[in-house]
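The values are calculated or read from the model by the stated rules, or taken from the named source; none is laboratory data. As the structure is a prediction and not an experimental result, all values here were calculated from the model. As a convention, Cβ positions derive from the backbone with ideal geometry for all residues, glycine included, and neighbour counts pool all protein chains shown.
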Amino acid sequence: MNSALDSSLPVQKLTASSIKDFEACPLLFYYKHVYRVRLPFERQMALVFGSAVHKGVEDFYNGKPNTFLEDFKRKDITKKEDQPEADFLQEFAEHKELGTKLLTDFVDRQSWLEHVYGISPRGVSEQKFEIEAKNPSTDEPLGLNLKGTYDRITSTGGILEFKTSKKPYKKDDLEEKPQSWFYPLSFFLERHAIPESFSYIVLLKQRKKEPVQVLQKKLTSDDIDMAFRKLKGVVMQLKMRNWVRGNGRFEDNCDCQRFVKLFGRV
Amino acid sequence: MARKRKNKEQAEEPKVQRVEERETEGSPLSDIKFKALDGQTVQLMDVLDESHIMAFDGHGVTKYKVSYPGVKALARAAGIKANYYVDVRCTPSLENKMTTIVSVTLYSAAEKDSNAVITKLGEASDENTKGIAKLYKATMAEKRAYVRGVLELLGLDNMYGEDEFSGDEEKTAEPELSSTDYQAISKYADAILKAKTSDELEEAGEEIKEVADELNATQTSFLRRHYSKRDGELSAGF
């Protein structure tokens, strides 16, 4: 735990997801992580589907029967308010079929994952962490904590992140998505060891050829250095408290304007 | 953390600053420069000769490996002090696969200029060292950190120390085998990987020969690589 939190920072902890929000739109980050408000409830079909697949993967590794069905059939968050029951059941059946197929494809490819990518089936799932952010070279603290959950740490020290996606991930995602550097840095700070690799395992919903995609990078201490530099860059920008709208490709669909309508301007 | 100050010879002509004008990716060697403290621009190839540097293709971008003597020549020319701090960040243990991690802090001649100080990590483990270097992991880790630090201080983004390449190329080349291609040869891959004796391995090899015409280049390459690796393991065990 961090004994030296910097009160001049707008937040006391960062997660890979909050960094993703900040990079997409500082204003969105402000509402979600500084002002800490939420938008009114909306149906979270994609989110729940993804969680159910995650749970299925975790259960597979733990040798438990698949609980995909039970997790996904949560009407409270997956059923539209005015959706007829029959429609909901039909939609659920389609998702169940897809989810089951994704998990089956994943389970069938264990030998490929192990022998081609060195991804051992042994390891631990859903490892939570919260650690002090500091320079891995000098131990100089940044004044906040890093928090998150590794989807899986393999017995050989690889970090795995599971995703469901319609489209394959791009190679650049291995460098650009915050998880790809945030987790290796956290791992190093927590365990004083360099993770062997970081891998995205993407279960593809609209497969053309390959149903499972693996993007993997082997890690060195240079990657840990680089990750810290990225984190420091985020922290320095946070200190400026410049809560402007993002101007990326998601600008038009960003939730920040809905926050503004509901909670007023910053 | 154990910290020690290393005293080595001082640079002859201290005159460097962190480079602000960086060259674009894929620049020809003759265009690559770095800037000295006195504002003078130094041509990279005025300091290095061809034996110091080798080009390679890094995903479509020309990148360079620089030898250790080449990096030392750059540091000397740039006025990066040979005085540096080494901080041990991680000592070898069975849990961390005998990895040593150190940080090295480098100073340019203008030690008071905070822009000209850099601390870099370097690591060495059983997996990324070869031969006699396995016995001197701390030295290897220090050397890697030093090389990374010098190249970064000079803003030479597409250059890497030669020690960064001990075996990593093979690791990144292998995963081109798709799961569909793998499924088709999993029976043979399993036979190779699970072979406990040379006879079993040879038997697996004979089976593969029979279907060799049906395999594509990636599948053949994968099986050949693993056969050779397993063969080495079994011979070493014997």
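Can you tell me which condition residue A:182 does not meet? The list is (1) without any contact (Cβ under 8 Å) to a residue 24 or more places away in the chain; (2) crowded, with 21+ Cβ neighbours inside 10 Å, and all the others hold. If we test residue A:182 against (1) without any contact (Cβ under 8 Å) to a residue 24 or more places away in the chain; (2) crowded, with 21+ Cβ neighbours inside 10 Å, just (1) comes out false. Residues in segment A:138-178 that are in contact with a helix residue (DSSP H, G or I) (Cβ under 7 Å, 6 or more places away or on another chain) and among the hydroxyl-bearing types (Ser, Thr, Tyr): A:150, A:164. Examine segment B:26-34 for a residue that is at pLDDT 70 or above, closer than 22 Å to residue A:225 by Cα and polar (S, T, N, Q), and state whether such a residue exists. No, every residue in segment B:26-34 fails to be at pLDDT 70 or above, closer than 22 Å to residue A:225 by Cα and polar (S, T, N, Q). Does residue A:9 meet the test of being on the phi < 0 side of the Ramachandran plot, modelled with pLDDT of 85 or more, touching a helix residue (DSSP H, G or I) at 6+ places or on another chain (Cβ under 7 Å) and in a loop (DSSP other than H, G, I, E, B)? Yes.
The single condition among (1) at pLDDT below 80; (2) in contact with a strand residue (DSSP E or B) (Cβ under 7 Å, 6 or more places away or on another chain) that residue B:57 does not satisfy is (2).
Restricting attention to segment B:48-69, which residues are in a helix (DSSP H, G or I) and touching a Gly at 6+ places or on another chain (Cβ under 9 Å)?
B:51, B:52, B:68
From the list A:162, A:188, A:228, exactly one residue is in contact with a strand residue (DSSP E or B) (Cβ under 9 Å, 6 or more places away or on another chain), surrounded by 18 or more Cβ atoms within 10 Å (Cβ to Cβ), touching a residue at least 60 places away in the same chain (Cβ under 8 Å) and within 20 Å of residue B:120 (Cβ to Cβ). Which is it? Going through A:162, A:188, A:228 in turn, the sole match is A:228.
Selection over segment B:116-147 of residues that are within 12 Å of chain A (Cβ to nearest Cβ) and closer than 17 Å to residue A:225 by Cα gives a count of 13. Residue pairs whose Cβ atoms lie under 6 Å apart, sitting 6 or more positions apart in sequence or on different chains, and linking a residue in segment B:174-194 that is more than 7 Å from every other protein chain (Cβ to nearest Cβ) and closer than 18 Å to residue A:105 by Cβ to a partner that is among the hydroxyl-bearing types (Ser, Thr, Tyr) and buried (at least 16 other Cβ atoms within 10 Å of the Cβ), do not occur here. In segment A:157-266, counting only helices (runs of 4 or more DSSP H) that sit wholly within it, the ones holding 2 or more residues that are more than 14 Å from residue A:23 (Cβ to Cβ) and within 14 Å of chain B (Cβ to nearest Cβ) span A:178-191, A:221-240. The criterion of at least 1 residues that are modelled with pLDDT under 90 and exposed (fewer than 15 other Cβ atoms within 10 Å of the Cβ) is met by the following helices (runs of 4 or more DSSP H) wholly inside segment A:21-103: A:45-61, A:68-72, A:75-78.
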